[in-house]
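Written out below as structure tokens is the structure these notes cover.
Here, each number is a calculation from the coordinates, and none is a lab measurement. All figures in this text were calculated on a predicted structure; none of them were measured in a lab. Glycine also receives a Cβ, built like all others from the backbone with ideal geometry; neighbour counts cover every protein chain displayed.
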Ligand SMILES: [Zn+2]
């Protein structure tokens, strides 16, 4: 069983529900009514929030499911705190990235892929842990965003891509109260233990962070 960490607010022990009755005590001594329990059922460890097939976490993203071999089902941010966005460059075309993320033999995938024209595809729910960082702890705490292109081709990093990605990152930061800074928005290359170099030297961090900060002040809530 996974160690539960992070998270906030009230937690209901599985035992409380098993005991049942008119009301069940929670750890803090508070008492919840049946009504409250039915509303909070998904906060019980091991019970997941409801999911809707094809739903996306970012309005405007198109859903294409990654192979379930490339991510692990979770219940973030309740089982793992999300406090990081990790930026990648695909080293290939958008279509090839979608294809390999659908391939159960690939062993890796990110939550999102941003295309050169600014189109955003979501392939893994933010609830779940995507295998994108090559580091278990960083996978569990982050949302991964791939960008179509090659690290040695600066022309691949288009204005439309920067703008679309910045809007996406700004909204993720807003939803999980992630600070918009370089401690929390990092490149794959900065993940401890990685041998990946993306997003590469041509990724313009100053420009990107400025766009994220701008989007963060103008973005509408999800
Ligand atoms: Zn990467």
How many angstrom lie between the C-alpha centres of the stretch 134-189 and the stretch 98-120? 14 Å
Length gained, residue 214-residue 201, 0.36 nm per residue minus C-alpha separation, equals 2.4 nm
Extension gain, residue 152 back to residue 95 (0.36 nm per residue minus Cα-Cα distance, nm): 18.6 nm
Using Cα pairs under 8 angstrom and six or more residues apart, how large is the relative contact order of the stretch 141-222, in percent? 40 percent
Provide 156, 78, 103 in ascending order of the number of other Cβ atoms located within 10 Å of each residue's Cβ, fewest first. 103, 156, 78
Quick check on packing: order 187-200, 127-140 by the mean number of other C-beta atoms within 10 Å, highest mean leading. 127-140, 187-200
Set of the stretch 86-110 residues, backbone N closer than 18 Å to the point 7 Å along the Cα-Cβ line of residue 119: 90-102, 110
Which ordering of 209, 84 is given by a fewest-first count of other beta-carbon atoms within 10 Å? 209, 84
Give me 203, 63 sorted ascending by neighbouring Cβ count inside 10 Å, so fewest comes first. 63, 203
Tell me the relative contact order for the stretch 62-218 as a rounded percent, counting alpha carbon contacts under 8 Å between residues six or more apart. 29 percent
